[in-house]
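Enquirer: Questions regarding the structure given below will be posed in turn.
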Amino acid sequence: MGLAVVSLIASCQSPINNSAATGPATATITVDVAHPGHAVPDTLWGIFFEEINHAGDGGLYAELVQNRDFEANTLADGWRLDGTNAFTPLGARVTKWFTNDLPGWSYVAEGGADGEMAQESENPLNEQNPHSLRLTARTLGKRCGIVNSGYWGMNVQADAWYDLSFHARTENGQRLALVVSLENDDGSKISARATIPEISGNWRAYTLALHARLSDPHAHLVIEMVEPGSIWLDTVSLFPRDTFKHHPNGLRPDLAQMLADLHPGFLRFPGGCVVEGITVQNGFRWKDSIGDISQRRGGFDVWGYYNTYGLGFQEYMQLADDIGAKLVYVINVGMSCQARSRQPGEVTAGDALAPHVQESLDAIEYAMGPTNSDWGAKRAANGHPDPFKVDYVEIGNENNGTNYGSHYPVYYQAIKAKYPGILTIADAPPRNQTMLASPVECRDDHFYVEPARFFGMAHSYDNADRNGPKVYVGEYAVNRGVGRGNLLGALSEAVFMLNLERNSDVVIMASYAPLFENVNKRDWPVNLILYDSSRAVGRSSYQVQKMFSANRPDAVLPTQVDAPQIPFNVGQTNQTNINQIYALGGWDRKSGEVILKVVNPTSTNVTANISLNGASNLAKQGTATTLGNASPTAENTLDNPNVVVPVESHFTVTGAKFAYNFAPNSLTILRLPAAAN
Ligand code: AHR
C-alpha cells in the first residue's frame, strides 16, 4: 500500500504520460487562485466506527480468544428463543446468533481421556458474567482439555509474547494444575507451552506469559488438565503484547495504523445502529464497557453476533487520542433501532426518560469530568486521570418521527445546559424540524448509493441553506452495483467528496461507512478496510479517503469545469450522463501550493486545459498522485492488495496555463507550488 514514486521527467514510459500532453483537449479547468474561498475545516474528513462485520471483536480489538467470558449465548432479560430465532420482549425477531452453548470453544479428549466441558451458572464470577466454563477430567488419557479457535484462527507469530489471563476456581479444596499451549492450525505443532502449577479455592485471577516459537495465523489456544478433577474458568483472555501504542487491552497495530494513516479529523463512535440496539436496553451501554474486562457485560450485537464490550467507551476515546482525532459520541435517545428492530420499536417514555438522559450526561462526565467528579474519578481509576475532550455529541442515530421530535429537545437542552461547548448533531432528515423545540446546530445526512447517484450529486450541496444547520455527512459509500466494492465506486465517492469539500462552509464533517470488515463475517455489502486474522488491505475507497485527507487544502478555490458528458449505465438500471472530468482546486497556505483534485471516471484518457488564474511564481515542476486502473472494476483484496494504489510522479509546469492528460478511471491530485496574486 506504499506510494510508488515515478518521475515522468526522467522517464516517459509510464502509461500515464503527462509531461507534455498532446492531442485535442477535451475539457477545461479554470481555477481562480487569486480569490480563495471559505476555509476548509480540519474536521472535514473523519472516520466512523461501529461494531459491525467484527470490526471490534475479531478485528481492531486485539483480543485473540473468542467468547472469552462464556456469555455468547446469554439472552438479555425478557428475550426468548424459538427455533433458530430470538425474540425481544416486544416481539422483534432476530436470527439466533449461536449454534451451541459455548461458541468458539471445543472439548478435546485423546488417548482414552474421559471428561467434559459445560457452561455453568452456579457460583458465577460476578453479576456481569453469570456463566463460566467447567472443565472436568475423569480420566486424563493422552490429553483432556479445551480449545479456543479465536476469531477464524489466532495470529501467533514466532518470537512474539502473548499474555494470557483468566479467572478460575475449584471446589472441595482441590488443587489442580493446568497446561496452556498455543498450537498450530491442525494441532500438530506447539508454538508455546507453560504450566499454571496450582489452581485452588474460590475465584482468583491468574496470568501467564507465553513466548511463541512458531508462526501460524490460524493458531489455537489449548488448556489441558494435568490431573483428574474440575476447574471453573471465566474471562479467558489472550492478547499479543504488541498492541497499538502498547496499551493493555489494546488494539491490533496494523489496523489501528491504517486508521492513523487516514489522519482523521474525528472519530465517530460507537455507531451506527448499535447505538440504538434492537431494544433500548440492547443499545450501546457505555457503563458496561468500562473498567476491568472481567467486570464488563457484553451482549447481542444488532449485526448478529455477540459483542464482549472489551473495546469500550474508554478504548474508543484512547484510540481517538492516539490518532489525533476529535470525538463524536453518538448517544441513544431512548429509542431502539427504527431501521432494524421492526415494529414495534421500543421507546423510553415518561418518567423513564430522565434516568436515560442522565446516562448520557454521565458518559460525558466520565470523558471530560475532573477527577473529583463522580465519573471523572472512575475514569482516573481506570487509568486515565487526564480528561478527554468530547467536541460533538450526536443525539440518536437515524431516528426520526414524532418520538424523535419530542426526545431530541430533552437531550439537547440537558447537554447544552451542562456542556455548552459541545456541538450537538441531530439525525437527518430534518423534516421534523417544526416539531423540534430546540435548535438544530448540525444534522447528519446518510447516503448508501450506486455510482450514478454520486456522479449526479456532484453539486448537491451547492445550494444548501447557508443560514441553516451545519451538515455532517455521517455515513456514505457506494455499495450498490459495485460488487464488494471497486474502483468505479471509489471514483464516484471521490466526485461526491469534491462536492463536500467545495461546500465545506456548510458540510463541516464527513465519514465513510462502514469502516471495517473481517472477511469471514460480512454483515454489510461494501466496507473500507478488509482483514483476516493476520492480513489487512485498504480497498480503493480507502485510498481515496487517504488521498483526500492528505490533500485537504486550507481554502477552497473557485473552480470552473467545462467537460463533455457521456452516457453512463454501469451498476444501475437506467442510463444517465456523467462528466468526463470533475475537479476542484484548493489552496494550501502552509506549503504554498495549489491543490487540484481531478476525477476522470471514463475509460478513456481525457486531456484538460488547466488555467490557474492569478497564480504567480509557479514552480517549474508539480507533483501528481494518481489512483487509477485500466479497469473500473479493479479492486484490492487480501491476496492482491496493490491493484489500486496511488502512484506519485512529477510533471513539468510551463506556466499558469498548461494541459494535463488524466488517465482513464482515475483520481489525480496535482500539487503546484505557487503564489497567489
Ligand atoms: O453503516 C451501517 C449502518 O447503516 C449503520 O449502522 C446505520 O446507521 C446505517 O443504517
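Enquirer: Outside any strand (DSSP E or B), surrounded by 21 or more Cβ atoms within 10 Å (Cβ to Cβ), away from the ligand (no atom under 13 Å from the Cβ) and not β-branched (Val, Ile, Thr) - does that describe any residue in segment 434-444?
Expert: No, every residue in segment 434-444 fails to be outside any strand (DSSP E or B), surrounded by 21 or more Cβ atoms within 10 Å (Cβ to Cβ), away from the ligand (no atom under 13 Å from the Cβ) and not β-branched (Val, Ile, Thr).
Enquirer: Would segment 55-67 turn up any residue that is on the phi > 0 side of the Ramachandran plot, more than 16 Å from the ligand (Cβ to nearest atom) and not charged (D, E, K, R)?
Expert: Yes, because at least one residue in segment 55-67 is on the phi > 0 side of the Ramachandran plot, more than 16 Å from the ligand (Cβ to nearest atom) and not charged (D, E, K, R).
Enquirer: Considering only segment 361-414, state which residues are of a type in the set (S, T, N, Q), part of a helix (DSSP H, G or I) and at pLDDT below 95.
Expert: Of everything in segment 361-414, those that are of a type in the set (S, T, N, Q), part of a helix (DSSP H, G or I) and at pLDDT below 95 turn out to be Thr402, Asn403, Ser406.
Enquirer: Another question, if that's okay. So which residues in segment 363-388 are under 16 Å from Met317 (Cα atoms) and out of contact with any Gly (no Cβ under 9 Å at 6 or more places or on another chain), if there are any at all?
Expert: Ala363, Ile364, Ala380, Gly383, His384, Asp386, Phe388
Enquirer: Could I ask something else about it? Of the residues Arg453, Arg466, Arg480, Arg484, which single one is over 30 Å from Gly350 (Cα atoms), part of a helix (DSSP H, G or I) and of a type in the set (D, E, K, R)?
Expert: Going through Arg453, Arg466, Arg480, Arg484 in turn, the sole match is Arg453.
Enquirer: When you go through Ser438, Ser460 one by one, which is the residue that is modelled with pLDDT under 95 and of a type in the set (S, T, N, Q)?
Expert: So the residue among Ser438, Ser460 that is modelled with pLDDT under 95 and of a type in the set (S, T, N, Q) is Ser438.
Enquirer: Something else now. Just the residues that are away from the ligand (no atom under 14 Å from the Cβ) and crowded, with 19+ Cβ neighbours inside 10 Å, please, taken from segment 254-284.
Expert: Leu255, Ala256, Met258, Leu259, Leu262, Pro264, Gly265, Phe266, Leu267, Thr279, Val280
Enquirer: A further question on this structure: Looking at segment 459-470, I want the residues that are without any contact (Cβ under 8 Å) to a residue 40 or more places away in the chain and within 21 Å of Glu441 (Cβ to Cβ) and have a partner that is among the small types (Gly, Ala, Ser) and part of a loop (DSSP other than H, G, I, E, B) with Cβ atoms under 6 Å, at least 6 apart or on another chain. Which pairs are those?
Expert: Short answer, once both residue conditions are applied: none.
Enquirer: Next question. Take residues that are touching a helix residue (DSSP H, G or I) at 6+ places or on another chain (Cβ under 8 Å) and tell me which of the strands (runs of 3 or more DSSP E) falling wholly in segment 487-597 contain 2 or more.
Expert: 507-512, 529-531, 536-538, 576-579, 582-588
Enquirer: Something else about it: Is it the case that Arg297 is under 24 Å from Thr74 (Cβ atoms), modelled with pLDDT under 95 and either in a loop (DSSP other than H, G, I, E, B) or within 16 Å of the ligand (Cβ to nearest atom) (or both)?
Expert: Taking the combined requirement at face value, the residue does not satisfy it.
Enquirer: Of the numbered conditions (1) in a loop (DSSP other than H, G, I, E, B); (2) surrounded by fewer than 19 Cβ atoms within 10 Å (Cβ to Cβ); (3) out of contact with any Phe, Trp or Tyr (no Cβ under 8 Å at 6 or more places or on another chain), Leu638 satisfies every one except a single condition; which is it?
Expert: Condition (3) is where Leu638 drops out.
Enquirer: Report whether or not Leu102 is part of a loop (DSSP other than H, G, I, E, B) and touching a residue at least 12 places away in the same chain (Cβ under 8 Å).
Expert: In short, yes.
Enquirer: I'd like the residue in segment 310-350 that is crowded, with 24+ Cβ neighbours inside 10 Å and over 15 Å from the mean Cα position of the chain (by Cα) and, out of all such residues, is farthest from the ligand (Cβ to nearest atom).
Expert: Per the criteria, the residue is Gly334.
Enquirer: Specify which of the listed residues (Leu584, Leu528) is hydrophobic (A, V, I, L, M, F, W, C), touching a Ser or Thr at 6+ places or on another chain (Cβ under 6 Å) and within 16 Å of the ligand (Cβ to nearest atom).
Expert: Exactly one residue qualifies, and that residue is Leu528.
The values are calculated or read from the model by the stated rules, or taken from the named source; none is laboratory data. Given the structure is predicted, the values throughout are model-derived calculations rather than measurements. Neighbour counts are summed over all protein chains in view; Cβ atoms, including those assigned to glycine, are modelled from backbone coordinates with ideal geometry.
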